[in-house]
Amino acid sequence: MTLDQLLLTGSTVAALFWAALSTHVLYVSRRRTDARSKVATILTTLQDDALRAAGTTAGVGAVKALLDTLSRDMILHTAADPETPGEDFDVLTAYMLNRWPVDDLLREATSHRRARDVWRRAAALRIAFRLRHPRAIDLLAAAVEEDDRDVAAVALALLETSTDARAVDIMIDALRAHRHSAARIATHLERSPVRPLDTYRRLLADADPIVRLWCAKLLGDYPDVPWVESELATLVDDPEPGVRKAAIESLGRVGDALAATAAVGLLDDPVAFVRAYAARALGDLDRSESAPAVAALLGDADWWVRHAAKQSLESMGADVWPVLVRCLDDTDRFVRNGAAEVFQNIGVLDSFIVMEAASDDPSQAKVELLRRIAAAGGTRLTDSLVERAGPKTGPRVRRLLETVGLEHVGAA
């Protein structure tokens, strides 16, 4: 056979192969489209109010002819869809379990051999759980104990909706196993309708710092439980900084005087993020009497701590302005600049400058204070004052700044 004949034969074979492949793809696509159309028809039919009122058996009878033409996978997929209404789910599962043994469903929910079968296992788990099958919780527990993150994610999402106390125990065991994301498990625990307060309380003393940390965070959702504040306060001396941070963050949400004392004690913690959360907690607790201690962090070596201190002081409101005034004379430029920024953000500076700009005889004491704030905040502060004053008041503010030589003052 010549080279030309070989090339011709090869081209012909290739063309036939692609034609066959295209035909197959087209056939599969049409079957899927047809199946989806039938599913849509089934779901539309089942929406009939009279049919719903007649019950599951009547519903199965109304759509059985169409269901007979669908594959088990298609029915499994539709029944497992969280968007499928409860009445439709009842019809689909009643038909499916009548046509195929329930053991098939339980076997699929138990394990999978190939990655492409994960969806089928997930669907089977959803259906078994929604059916309230006696083995459902055990099947979910087994799924969580495996390393497959996709299967575990489905199981955890189902467990978070369960009112069975065992569901919480499974999630806590998963938290301790460190097999899956602790943050994700804690989120599921947070959403659970089961509130295992006594379990969380006991686990605050657990040997595992990850467990202590997340239990401390979860208890931040219970401000009305009397013992939560005192129990969380025991963790401010925890050897793990992450636990101290979680405890003080929750105390900022649920605490009172004891929480404030704990937060002040952590303002000099050796770990920066703990100091930051302690400062924020005092702001959340609205402890303006602690403003001097928080203001000291305006000069912290860590930017995040300085930022948290400013946020805390801002949340305390205008009552902190005497503390800020003292900071304007601090030898640390970070403290001076931070105080000026807080002055600006709590609105005291804006109202002050606008009032003085509207006066024909500005108070020299107030002008001097304005000069100190501007010197600490720099040109960005004075420029933003003019900008925020708006088109009507802005020119008067600018004239006042020019009069006292502040328009282009630089940070000292």
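The values are calculated or read from the model by the stated rules, or taken from the named source; none is laboratory data. Nothing here was measured: the structure is a model prediction, and the numbers come from that model. Every residue, glycine as well, gets a Cβ built from its backbone with ideal geometry; the counts of neighbours run over all protein chains shown.
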Next item on the list: Could you figure out which of (1) surrounded by 15 or more Cβ atoms within 10 Å (Cβ to Cβ); (2) not assigned by TED's automatic domain parsing to the domain that holds residue 219 isn't true of residue 201?
Entry: (2)
Check: For residue 256, which of the numbered conditions (1) closer than 14 Å to residue 277 by Cα; (2) at pLDDT below 95 fails to hold?
Finding: (1)
Notebook entry, point to check: If you scan region 241-272, which residues turn out to be touching a Leu at 6+ places or on another chain (Cβ under 8 Å) and among the polar types (S, T, N, Q)?
Noted result: 250
Next item on the list: Kindly check whether there is at least one residue in region 103-122 that is closer than 22 Å to residue 81 by Cβ, of a type in the set (Gly, Ala, Ser) and either without any contact (Cβ under 8 Å) to a residue 24 or more places away in the chain or in the same structural domain as residue 241 (by TED's automatic domain parsing) (or both).
Entry: yes
Checklist line | Residues satisfying the stated conditions in region 286-315, i.e. surrounded by fewer than 22 Cβ atoms within 10 Å (Cβ to Cβ), at negative phi and not in a helix (DSSP H, G or I) | finding: 301, 302
Margin query: Suppose the filter is of a type in the set (A, V, I, L, M) and either more than 21 Å from residue 112 (Cβ to Cβ) or out of contact with any Ser or Thr (no Cβ under 9 Å at 6 or more places or on another chain) (or both); does residue 210 pass it?
Written below: yes
Item checked: Total residues in region 118-142, condition of a type in the set (Lys, Arg) and not in a helix (DSSP H, G or I) -> 2
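I need the full set of residues from region 105-117 which are loosely packed, with under 15 Cβ neighbours inside 10 Å and in a helix (DSSP H, G or I), in order please.
Let us first name the residues in region 105-117 that are loosely packed, with under 15 Cβ neighbours inside 10 Å, namely 107, 111, 113-117.
Once the filter is applied, which keeps residues that are loosely packed, with under 15 Cβ neighbours inside 10 Å and in a helix (DSSP H, G or I), region 105-117 yields 107, 115, 116, 117.
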Next item on the list: Read through the list (1) buried (at least 17 other Cβ atoms within 10 Å of the Cβ); (2) in a loop (DSSP other than H, G, I, E, B), then give the number of the only condition that residue 331 fails.
Entry: (1)
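Yes/no matrix, rows are residues, columns are (1) modelled with pLDDT of 95 or more; (2) surrounded by fewer than 16 Cβ atoms within 10 Å (Cβ to Cβ); (3) part of a helix (DSSP H, G or I):
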residue: 44; (1), (2), (3): no, yes, yes
residue: 50; (1), (2), (3): no, yes, yes
residue: 57; (1), (2), (3): no, yes, yes
residue: 60; (1), (2), (3): no, no, yes
residue: 63; (1), (2), (3): no, no, yes
residue: 66; (1), (2), (3): no, yes, yes
residue: 70; (1), (2), (3): no, no, no
residue: 74; (1), (2), (3): no, no, yes
residue: 84; (1), (2), (3): no, no, no
Next item on the list: Please find, within region 279-290, the residue that is nearest to the chain's Cα centre (by Cα) out of those that are of a type in the set (A, V, I, L, M, F, W, C) and over 17 Å from residue 334 (Cβ atoms).
Entry: 281
Note to self: Here is a check on your reading of the model: is residue 274 under 25 Å from residue 202 (Cβ atoms) and either acidic (Asp, Glu) or in contact with a Phe, Trp or Tyr (Cβ under 9 Å, 6 or more places away or on another chain) (or both)?
What the structure shows: no
Check: Just a yes or no: is a residue in region 143-153 under 20 Å from the mean Cα position of the chain (by Cα), in a helix (DSSP H, G or I) and β-branched (Val, Ile, Thr)?
Finding: no
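If you scan region 236-260, which residues turn out to be closer than 25 Å to residue 288 by Cα, surrounded by 24 or more Cβ atoms within 10 Å (Cβ to Cβ) and of a type in the set (A, V, I, L, M)? Write out each step before concluding.
Here is the first cut: in region 236-260, the ones closer than 25 Å to residue 288 by Cα are 236-237, 244-260.
From what is left, the residues that are surrounded by 24 or more Cβ atoms within 10 Å (Cβ to Cβ) are 244-248, 250-252, 255, 259.
Scanning region 236-260 gives 246, 247, 248, 251, 259.
Can you tell me which of 243, 254, 264, 225 is touching a residue at least 12 places away in the same chain (Cβ under 8 Å), more than 30 Å from residue 157 (Cα to Cα), in the same structural domain as residue 300 (by TED's automatic domain parsing) and among the β-branched types (Val, Ile, Thr)?
Details: 243 fails: more than 30 Å from residue 157 (Cα to Cα); 254 fails: more than 30 Å from residue 157 (Cα to Cα); 225 fails: more than 30 Å from residue 157 (Cα to Cα).
Result: 264 is the single residue among 243, 254, 264, 225 that is touching a residue at least 12 places away in the same chain (Cβ under 8 Å), more than 30 Å from residue 157 (Cα to Cα), in the same structural domain as residue 300 (by TED's automatic domain parsing) and among the β-branched types (Val, Ile, Thr).
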